[in-house]
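J.: Can you keep this structure in mind? I'll have questions shortly.
The values are calculated or read from the model by the stated rules, or taken from the named source; none is laboratory data. This structure is a prediction, so every number in the text was calculated from the model and none was measured. Reconstructed Cβ throughout: ideal geometry from the backbone, glycine too, with neighbour counts over all protein chains shown. Areas reflect the complete protein model, heavy atoms only, side chains present, ligands, DNA and RNA absent. Shrake-Rupley method; radii C 1.70, N 1.55, O 1.52, S 1.80 Å.
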Amino acid sequence: MGLAGGLAITLFVQFAAADEPKLPAQPAEPGAAKAYAVLDGACAGCHQTGKLKTLKQPAGSFGNILDLEAMAQTPSLVTPGLPDASPLYLSIHGRTMPPEGSSEGAAPELAASDLAVIRDWIEQLPPVKGCPDRAPITPDILAAALEMAVVRLGATRAPTTRFVSLAPLHNGCAAAADIDTARAAITQLINSLSLGLDPVKLVPVGAAGMLLEIDLTAIGWSADRWDRLAFRSPTAAFVPINAGLRQSLGTRTPLVDAGWFADAATQAPLYYDLIGMPDTLNALLASLRIDPAADRREAVERIGLKSSPVARGNRLIERRPFANGAAWFSREFAPTAGRPDLFDQTIAAATGAANRPNVQPLPDATLMHFDLPNGFPAYFAANASGARINDVPGSVLKDDAHPGRKFAAAHTCLGCHSVSPAALARGRADDLKARLQTESALSKDVREKLLATHPEPADWQRRLDEDAARFERAMTAAGLETGRKLDGLDPLPALIARYQRAVTAADIADMAGVSSKRILDLGKSGSAALADVTARLAFGSVPRAAVDAVLPEIAQRLGLDVPGGAVPPVAAPAGYAPELVLKPERAVFQSGDLLALTVRANMTCHLTLMTLDAKGRATVLYPNEFDPDAVIEAGRDVRFPAEKSPYQFRLRDKGYETLIGICGASSKTVDGIRHDYEKQRFTELGDYRAFLNRTWPNREGAEPKSTRARAPRRAGEAAEQAPPLPAKPEAQARAAIRIRIE
C-alpha cells in the first residue's frame with residue numbers, strides 16, 4: 001500500500017470544540033503577582049502565546065511562562081523551595097535568554113531586584129504534592145483494560161488493534177482539558193502517519209478513558225509496522241501482559257505511552273519508515289505521480305524569496321497539485337561566498353546557450369510537505385543530490401524558536417505546520433518575480449514563460465484558501481478542531497515537549513506501579529548507569545534521555561519481562577546543554593558526619609562549589625586555599641573532598657543545607673566571587689541574597705567601586721570589589737541540591 005491509496009474505514013468519536021487561548025491571569029498572592037509582572041515584562045515576548053513579538057512559535061517549546069501555577073508543577077522549570085536548582089531562575093540569573101544564535105536581540109534589562117523577586121517566589125513555593133483527588137492508573141489497571149478490550153473486540157479485530165496510553169498525564173495531575181487536548185494530538189498524529197483514504201477518529205476506551213484504540217487496518221498499517229515502533233518503547237515492560245493476552249492481540253507490545261509515541265514517531269529516520277517514505281526525492285515524486293520536470297502553470301506555481309525567518313539564504317517555494325491535493329516544496333539556497341544566488345542562477349539558466357527556461361537552479365536542500373490520501377500532511381527533506389536526509393544543516397536553515405537544535409524532518413516541521421499546513425505566509429511579495437519583470441537580459445518569450453509560473457497575489461490567496469479548507473475538512477472528519485493549545489503550544493508539539501521534560505522518581509514509580517523508595521533502592525545493586533540515575537533522582541529530576549536509557553533495566557530488576565530486550569528510545573533532537581551533577585553519599589546526614597559528594601560535568605570547566613546554610617549564609621568550599629585551580633574534566637566523576645585532601649567538612653547544624661555548584665567554561669571566577677586566601681582559606685560570602693544583590697548587576701560589565709584588590713574586612717565584602725563579568729555570558733552548568741542534617 002503506497003502513499004497515494006488506502007482503505008476507507010472511519011471510527012466515530014467527537015472531541016470537544018477548541019477554545020481561544022487566553023492569557024493566564026495575574027495571581028492574587030503578592031509574591032507570585034510580582035513574579036508575574038517581571039516575567040511578563042522580560043520573557044513573555046518569546047515564551048507566552050498571545051504575547052509573542054516576532055516569533056511565530058514560542059521559543060524553546062515553552063509557551064506559557066505566565067502560567068505560574070503550571071510552572072510550579074513542572075520540575076524541568078521550577079524546583080519549589082530551591083531556586084538555584086530551577087532552570088527558569090538559572091536562565092534569568094545567567095542572562096542566557098535569548099540564546100546565542102537567536103534573532104530576537106537582547107533581552108530587556110533586569111535589575112537585581114527583579115532577580116530577587118523570582119528567587120523569592122520560588123523559595124516560598126510548597127513542595128509538589130501530586131493530585132490526591134484522583135486514583136492513579138496502575139499497570140495492573142491498564143492490563144485489565146486490555147483484557148476487557150480483547151473480549152469486546154473478538155478474535156477477528158483484536159489482532160489488528162493497538163492502544164496508546166494517556167495514563168502518565170492522568171497520574172501526573174494533568175487537567176481534564178489538557179488530557180483531552182492530548183487525545184486530539186494523538187488523533188492528529190495517527191492520521192498524519194496513516195496510509196488510509198479517510199481520516200479516523202480514535203476511540204477512548206478503558207481505564208477511565210485513558211486508552212486510545214487504534215484499528216491498524218483503518219490506517220493501512222500491518223502488525224509488523226506497529227512492532228517496528230513499539231518494540232523501542234522503554235516503558236513497554238511495565239504493563240503486565242500475560243502470554244494469552246499477547247497471543248490474542250498478536251504482539252508483545254500492544255500498548256505505548258502517548259508522549260513517547262508522539263516523540264519517537266515524529267523523528268526521522270523512524271518517521272520515514274513508519275510512513276513508507278522512499279530514499280530519494282525523485283522516488284517519492286514518482287510514487288505520488290508528480291512530474292518534477294513539468295513546468296506549466298497548471299503543474300507548478302512558484303514564488304522566490306530573498307529571505308525568510310527560517311532560511312539563511314534564498315528560497316524558491318513551489319506548489320504542485322496532485323491526486324491527493326497539493327505538494328509544497330521549499331528549495332533552499334544557502335548563502336555561499338562566490339556563488340550566484342537564486343536570482344542570478346535563474347537568469348543564467350534562462351539565458352544559457354540552449355535558452356531553456358525550464359532548467360532550474362540546484363538547491364542545497366529541499367523541504368517538502370504534501371497531502372496524504374486522508375488530507376493530513378506528511379513531511380520530507382532531501383539534500384542537494386535529492387537523497388533523503390533526517391535533518392537539514394544549520395548552514396541552510398535556522399530555527400529561532402530553538403537556536404541550538406537541529407532542523408529535523410517532521411519533528412521541527414511540526415512546530416509551524418502541525419495545525420497550519422500552508423507553506424507560505426499570506427501576502428508575501430514575490431522577490432524573484434520582481435527581478436524577472438525588470439531583467440533586461442531576458443527575451444520577451446522567455447520572460448513570459450518564466451512569469452507564467454509566478455501567480456498573482458490573488459491567485460496565491462486562492463491556493464492557500466483551498467489548501468486550508470481541505471485540511472480543515474480532514475481535521476473535522478477526524479473529530480478535531482483547530483485553535484487548540486496545550487501549554488501555549490499546538491497540541492502535538494506540546495505533547496512532545498511534555499514528554500521531553502525532566503523526570504522524577506515519582507514519575508517512574510507511577511509508571512511501574514511501585515513506591516519511589518523502591519525505584520531509588522534499585523540503583524544500589526544495578527549498573528553504573530542505573531546507580532547514577534537513581535542517585536540523582538533522590539535529589540530532584542533527571543533529563544528524560546538519561547532515564548529512558550535505564551528503564552529496561554529497572555523493569556528487569558522489578559522482575560518484569562522486557563519484550564524483545566527493549567532498546568533505548570530515539571534520542572530527542574537537542575543542542576549542546578551544559579550539565580552539572582552533584583551526588584552526595586546520601587540525602588540525610590547526622591550532625592557530626594563528614595560531607596562527601598561526587599561531581600560531574602559534561603564539559604571541562606572551572607568548578608565553584610558553595611554551601612548555603614539554613615540562615616541563608618553562603619561559603620565557598622571549592623576552590624579554596626588548598627585547591628585554588630578547580631578544573632574538572634568533561635564526563636569524569638570527581639570526589640569532593642578528594643580522599644587525600646588536607647581538609648574535611650563536618651556537618652553540624654541541624655536542618656537543611658543547600659549545596660550549589662557552578663561550572664564555567666572559561667572563567668575561574670563566577671558570579672563576582674573574589675578569593676583572598678591570605679585572609680580566608682574558604683571564602684565566606686555572607687548572606688547569599690544580599691551577595692547576589694551586590695554582584696549580579698556587574699554581569700553587564702558595570703564598573704565596580706574599585707578594581708584594586710584588597711583584603712575583606714567582613715564576610716562577603718570581597719564580593720563587592722569583584723571585577724565585572726563579561727556582558728556576553730559564558731557557557732555555564734549549574735546545579736543545586738538540598739540535604740538534611742539530623
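J.: Being farther than 21 Å from PRO199 by Cβ, at pLDDT 90 or above, charged (D, E, K, R) and open to solvent by less than 30 Å² (accessible area, probe 1.4 Å): is that true of ASP430 here?
T.: Against the criterion (farther than 21 Å from PRO199 by Cβ, at pLDDT 90 or above, charged (D, E, K, R) and open to solvent by less than 30 Å² (accessible area, probe 1.4 Å)), ASP430 qualifies.
J.: Would the range 511-528 turn up any residue that is under 29 Å from ASN64 (Cα atoms), in contact (Cβ under 8 Å) with a residue 40 or more places away in the chain and either in contact with a strand residue (DSSP E or B) (Cβ under 8 Å, 6 or more places away or on another chain) or open to solvent by 10 Å² or more (accessible area, probe 1.4 Å) (or both)?
T.: The answer is yes, given that some residue of the range 511-528 is under 29 Å from ASN64 (Cα atoms), in contact (Cβ under 8 Å) with a residue 40 or more places away in the chain and either in contact with a strand residue (DSSP E or B) (Cβ under 8 Å, 6 or more places away or on another chain) or open to solvent by 10 Å² or more (accessible area, probe 1.4 Å) (or both).
J.: Ok, one more. Any idea which of (1) touching a strand residue (DSSP E or B) at 6+ places or on another chain (Cβ under 8 Å); (2) within 19 Å of LEU195 (Cβ to Cβ) is the one THR235 doesn't satisfy?
T.: Answer for THR235: the failing condition is (2).
J.: Test SER645 against the stated conditions and say whether it is assigned to a loop (DSSP other than H, G, I, E, B) and touching a His at 6+ places or on another chain (Cβ under 7 Å).
T.: Judged against the criteria, SER645 is not a match.
J.: For the range 657-693: of the residues being of a type in the set (Val, Ile, Thr) and assigned to a strand (DSSP E or B), which is surrounded by the fewest Cβ atoms within 10 Å (Cβ to Cβ)?
T.: THR658
J.: If you don't mind, there's one more thing I want to ask. Do any helices (runs of 4 or more DSSP H) lying entirely in the range 452-537 carry at least 3 residues that are within 30 Å of ASP431 (Cβ to Cβ) and among the small types (Gly, Ala, Ser), and which ones are they?
T.: 457-477
J.: Follow-up. So which residues in the range 608-656 are among the hydroxyl-bearing types (Ser, Thr, Tyr) and open to solvent by less than 60 Å² (accessible area, probe 1.4 Å), if there are any at all?
T.: Hits for the range 608-656 are THR608, THR611, THR619, TYR622, SER645, TYR647.
J.: Under 7 Å between Cβ atoms, at least 6 apart or on separate chains: pull out the pairs that start in the range 221-250 with a residue that is in contact (Cβ under 8 Å) with a residue 40 or more places away in the chain and of a type in the set (D, E, K, R) and end on any residue that is surrounded by fewer than 16 Cβ atoms within 10 Å (Cβ to Cβ) and not in a helix (DSSP H, G or I).
T.: What qualifies is ARG232/VAL567.
J.: To continue, here is another question. Could you please give the count of residues in the range 282-300 that are part of a loop (DSSP other than H, G, I, E, B), open to solvent by less than 20 Å² (accessible area, probe 1.4 Å) and within 13 Å of TRP328 (Cα to Cα)?
T.: Total satisfying the criteria: 4.
J.: Quick check on the range 418-425. Is at least one of its residues modelled with pLDDT of 80 or more and crowded, with 18+ Cβ neighbours inside 10 Å?
T.: No: the range 418-425 contains no residue that is modelled with pLDDT of 80 or more and crowded, with 18+ Cβ neighbours inside 10 Å.
J.: Next question. Among the listed residues THR161, THR156, THR181, which satisfies the condition of being of a type in the set (Ser, Thr, Tyr), in contact (Cβ under 8 Å) with a residue 60 or more places away in the chain and farther than 19 Å from SER233 by Cα?
T.: Exactly one residue qualifies, and that residue is THR181.
J.: If you don't mind, another one. Give the residues of the range 27-52 that are in a loop (DSSP other than H, G, I, E, B), in contact with a helix residue (DSSP H, G or I) (Cβ under 7 Å, 6 or more places away or on another chain) and within 25 Å of HIS411 (Cβ to Cβ), sorted by residue number.
T.: Across the range 27-52, the qualifying residue is only LEU52.
J.: Next up: Could you list all residues from the range 224-254 that are under 20 Å from LEU492 (Cβ atoms) and in contact with a Lys or Arg (Cβ under 8 Å, 6 or more places away or on another chain)?
T.: Within the range 224-254, TRP226, ALA230 meet the criteria.
J.: Assigned to a loop (DSSP other than H, G, I, E, B) and surrounded by 21 or more Cβ atoms within 10 Å (Cβ to Cβ) - does that describe any residue in the range 340-362?
T.: Yes, because at least one residue in the range 340-362 is assigned to a loop (DSSP other than H, G, I, E, B) and surrounded by 21 or more Cβ atoms within 10 Å (Cβ to Cβ).
J.: Something else about it: Counting only residues that are surrounded by fewer than 20 Cβ atoms within 10 Å (Cβ to Cβ), give me the helices (runs of 4 or more DSSP H) lying completely in the range 172-280 with at least 2 of them.
T.: Because the criterion is at least 2 residues that are surrounded by fewer than 20 Cβ atoms within 10 Å (Cβ to Cβ), the helices (runs of 4 or more DSSP H) in the range 172-280 that meet it are 176-192, 223-230, 243-249, 270-275.
J.: Scanning the range 459-491 for residues that are open to solvent by 20 Å² or more (accessible area, probe 1.4 Å) and at positive phi, which turns out modelled with the lowest pLDDT?
T.: Selected residue: GLY483.
J.: Out of the residues in the range 114-139 that are touching a helix residue (DSSP H, G or I) at 6+ places or on another chain (Cβ under 8 Å) and open to solvent by 70 Å² or more (accessible area, probe 1.4 Å), which is nearest to PHE539 (Cα to Cα)?
T.: Restricting to residues being touching a helix residue (DSSP H, G or I) at 6+ places or on another chain (Cβ under 8 Å) and open to solvent by 70 Å² or more (accessible area, probe 1.4 Å), the top hit is VAL128.
J.: Within the range 681-688, identify whether any single residue is at pLDDT 70 or above, on the phi > 0 side of the Ramachandran plot and in contact with a Lys or Arg (Cβ under 9 Å, 6 or more places away or on another chain), and answer yes or no.
T.: yes
J.: Would you pick out the residues in the range 150-185 that are more than 20 Å from PHE261 (Cα to Cα), of a type in the set (D, E, K, R) and out of contact with any Asp or Glu (no Cβ under 9 Å at 6 or more places or on another chain)?
T.: Result: ARG152, single match.
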